[in-house]
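J.: Have a look at the structure that comes next, please.
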Amino acid sequence: MAGDGDSGRMFDRRAFFLGGVQVAAGGLLIGRMAWLSIFESEKYALASEENRVSLRLIAPRRGWIVDATGEPLASNRPAYSLDIVPSLAGDLDSALDRIAKVLPLDADDRRRIHAEARSLPPSASLAIAEDIGWDAFAALNLELADQPGLQPMRSYVRHYPDGAAFGHLLGYVGRATAEQFKENRDPLYLVPGFRVGKDGVERSKEEVLRGKAGAQRVEVTARGKIVRDLETRPDTPGETVQLTIDRGLQAFTAARIGDDSASVVVIDCLTGDVKCLISMPAFDPNVFSNRIPQALWAAMQADDHKPLLNKVTQGLYVPGSTFKMVTALAALSQGVLPSDTVSCGGRYTVGGNTWHCHSRRGHGTVAMRGGIAKSCNVFFYSTARRIGPEAVADMARKLGLGQKFDIPMPVQRAGIIPDPDWKMQRYGEKWSVADTLNTAIGQGYLNINPLQLAVMTARIASGRLVEPRLIATGPAKDFAPLGIPEDYLEVTRQGMTDVVNGPGGTARSARLPVEGVQMAGKTGTAQVRRITAAERRRGVRSNASLPWRFRDHALFIAFAPTDAPRYAVSVIVEHGASGSKAAAPIARDLLTYIYDREKAEAGLSKLQASRESARRAKAEAERLAAVQAAEAKNLAGVQAAETKRPAALQAAGAAALPAAIAPEAATGRQL
């Protein structure tokens with residue numbers, strides 16, 4: 001009995017202990033539940049709301065870029081794209097396999113998607129494809145509606161109506177780089193449809209064009225599928241940027257240049273407004289604003305016409321004879337009279353070294369106006385020696401050479417205006433007479449860009465410190481006088497007028513076909529290779545006989561009308577061989593377009609027809625040459641086979657002879 005009592009008391013104690021533990025555990029659970037439901041209810045309600053509701057940024061539409069009359073140069077058009085949230089997609093490869101059945105994806109696409117997915121924050125989305133078209137958009141919504149994390153989207157893409165004609169001027173847009181995101185941590189950079197300016201005006205005016213992002217609150221399932229739209233705050237589009245450019249003139253210029261590697265600038269001499277700024281060939285910003293195909297990028301990098309380089313602001317060229325007005329004005333400012341003459345016999349000798357004029361027979365007795373009109377090297381050699389290199393360099397800078405200008409171009413190269421101090425600092429060498437002579441005719445160390453040449457021409461034509469202007473908003477500047485006496489400028493202008501309209505001018509074929517309007521200009525031809533004394537003795541090779549990359553650059557500057565200058569033009573055709581034949585006709589046609597558009601367009605139509613005829617003839621000649629080469633190859637193969645055949649037959653006969661004799665011999669032994 002005593003044992004039974006002890007056992008009962010032991011059971012009671014255990015039961016009491018276990019009951020206490022249960023009560024304590026229950027109390028803790030009740031207390032925790034009360035704490036969560038009363039004191040932390042807001043926290044978990046917010047977490048639940050975040051799981052149910054997704055906040056998404058809406059990429060802002062970029063502001064338009066328009067020309068001087070309001071015509072669109074860059075706008076936005078509706079488009080469709082496909083995004084995916086990798087963290088919700090599950091097996092990304094399986095998701096891509098499903099997508100590929102509706103929307104083709106190549107190996108490069110898959111590599112890019114995987115690379116971007118690895119660097120994304122957990123809730124961020126990435127672009128699978130952009131500008132996919134309505135049919136693909138509808139098919140994705142229909143056939144892949146159950147795919148977790150998939151987001152077919154309506155968006156906007158940048159549209160450039162005139163394509164490559166405005167490529168270098170406007171630039172293009174593209175996705176923000178990882179470096180840009182790390183720099184300011186802006187979450188907008190992670191939105192798949194968001195684009196930033198990458199070059200040209202798009203890049204320079206990024207802050208104005210960008211706009212402000214919108215936002216959208218949507219209810220989503222656990223797989224990220226949108227159930228309904230809860231609230232949307234629309235984006236604020238960027239501001240419109242108006243340029244001084246004439247869209248029609250720019251497009252005409254692109255067509256007129258054709259397949260040449262060239263740059264053209266047209267400036268209003270009164271306002272500084274840039275009416276045309278073009279570098280060809282160029283890229284199509286519509287293509288570059290999406291993902292650039294690797295094959296296209298490689299081809300453009302390898303192209304010797306340099307379509308990725310904005311030649312207007314980044315290309316540096318020896319100005320050649322277009323620089324002779326600088327030397328002329330420097331001479332006048334140093335007291336040289338317009339009537340002072342030089343005798344040109346076709347060459348100029350100093351210390352046993354000879355510098356040549358482009359006319360081997362010489363120009364005879366030449367004064368300043370005739371020296372400009374006939375582009376007499378000897379006149380400018382002699383004149384530069386009288387005034388010294390410092391005067392020439394100072395005048396070049398006054399006319400705008402060697403300068404950068406306040407225009408929305410991300411990169412400008414100033415070039416080189418050499419003088420004795422520059423040479424000593426750069427090379428540690430003293431200036432020589434040879435340097436003076438080379439500089440006088442626009443050769444040697446000189447380097448300028450096409451925009452500077454246009455500004456120089458506008459300043460000579462107007463007599464004022466013209467500054468180029470590319471943004472049309474705001475009042476035009478009132479330019480200060482150039483500080484060069486008007487009679488000096490008039491001598492130079494008369495010489496330029498004679499270049500085109502005078503009896504001995506170097507660009508007489510470039511006269512304007514517009515009644516009552518004359519153009520003044522100056523041709524230039526810049527060597528890109530060294531001509532040795534031995535070659536001069538044998539006879540200098542013609543440009544036509546040289547490979548394209550060794551031919552001279554062709555330059556031409558002009559202004560019109562001559563009696564009241566309004567427009568200044570600079571044209572550089574890379575390896576065009578002759579300023580009068582390659583560059584001057586382009587300037588003539590552009591100015592014709594300004595004063596008689598119908599006549600200019602008719603002339604362009606004839607030129608394009610001629611180009612097409614030449615292209616077809618060339619293609620046909622190449623086809624016939626290929627056919628003839630193939631026939632010659634086949635004939636050579638037949639002849640080779642025929643040559644080998646008798647030898648083969650002879651060898652086969654020789655091999656067969658013992659075999660034919662052997663049975664007879666065997667038969668004889670048997671007999």
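Readers should treat all values here as calculations from the given coordinates under stated rules, not as data from a laboratory. Worth saying up front: this structure is predicted, and the values here are computed from it rather than measured. Neighbour counts run over all protein chains shown; Cβ positions are idealised from the backbone, glycine included.
J.: May I ask you to evaluate 6.51 cos²θ - 1.76 cosθ + 1.60, the Karplus curve with θ = phi - 60°, for each residue of segment 281-286 and list the ³J(HN,Hα) values in order in whole Hz, giving x for glycine and proline?
T.: x, 9, 8, 8, x, 5
J.: Quick one: which of K522/K581; K374/K522; K205/K398; K374/K581; K275/K477; K324/K374 span more than 18 angstrom between C-alpha atoms? Write down the numbers at each step before the final one.
T.: Values: K522/K581 12 Å; K374/K522 10 Å; K205/K398 29 Å; K374/K581 15 Å; K275/K477 16 Å; K324/K374 11 Å.
From K522/K581; K374/K522; K205/K398; K374/K581; K275/K477; K324/K374, over 18 Å: K205/K398.
J.: A follow-up question, please. Excluding A414 itself, calculate the net charge of residues whose Cβ lies under 11 Å from the Cβ of A414, where each Lys or Arg counts +1 and each Asp or Glu counts -1. Numbers along the way, then the final one.
T.: Working: positive: R397, K404, R413; negative: none.
Local charge sum for A414: +3.
J.: Given contacts defined as C-alpha pairs under 8 Å and at least six residues apart, what's the relative contact order of segment 54-242, whole-number percent? Walk me through the intermediate numbers first.
T.: On the way: 360 pairs, mean separation 66.7, N = 189.
For segment 54-242, the relative contact order is 35 percent.
J.: Using the Karplus equation 6.51 cos²θ - 1.76 cosθ + 1.60 (θ = phi - 60°), what ³J(HN,Hα) coupling, rounded to whole Hz, does each residue of segment 171-183 give in order, writing x for Gly and Pro?
T.: In residue order, the calculated couplings are x, 7, 10, x, 5, 5, 7, 4, 5, 5, 5, 5, 5 Hz.
J.: Extension gain S509-A476, at 0.36 nm per residue separation less the Cα-Cα distance, in nm?
T.: On the way: separation 33, 0.36 × 33 = 11.88 nm, distance 3.53 nm.
Gain on extension, S509 to A476, equals 8.4 nm.
J.: I would also like to ask the following. As an exercise, identify the trypsin sites (Lys or Arg not before Pro) in segment 446-509 lying in DSSP coil whose Cβ has no more than 13 other Cβ atoms within 10 Å. Mind showing how you got there, number by number?
T.: Working: sites: R459, R464, R469, K477, R493, R508; in loops: K477.
When the trypsin sites (Lys or Arg not before Pro) of segment 446-509 are filtered for loop state and at most 13 Cβ neighbours within 10 Å, K477 remain.
J.: Now for a different question. Given axes a ≥ b ≥ c from the Cα gyration tensor, I'd like to know whether the chain is rounded (a/c under 1.5), prolate (a/b larger than b/c) or oblate.
T.: Details: a/c = 2.77, a/b = 1.47, b/c = 1.89.
Oblate.
J.: Continuing with this model, one more query. Normalising by the residue count of the chain, find the relative contact order in percent from Cα pairs under 8 Å and 6+ residues apart. If you can, show how the numbers build up before the last one.
T.: Details: 1211 pairs, mean separation 77.8, N = 671.
Relative contact order of the chain: 12 percent.
J.: Enumerate the lysines that K212 could reach by cross-link, defined here as Cα to Cα under 21 Å, with residues fewer than 8 away along the same chain left out.
T.: Here the lysines satisfying the reach criterion relative to K212 are K182, K198.
J.: Sum up the charges of everything whose Cβ sits under 14 Å from the Cβ of V627, counting Lys and Arg as +1 and Asp and Glu as -1, but leave V627 out.
T.: Charge balance in the 14 Å sphere: -1.
J.: What number comes out for the charge environment of T236, summing +1 per Lys or Arg and -1 per Asp or Glu over other residues with Cβ under 15 Å away? Please report the intermediate quantities before stating the final value.
T.: On the way: positive: R61, R62, R210, K212, R233; negative: E207, D235, E239.
That sum, taken over residues with Cβ under 15 Å, equals +2.
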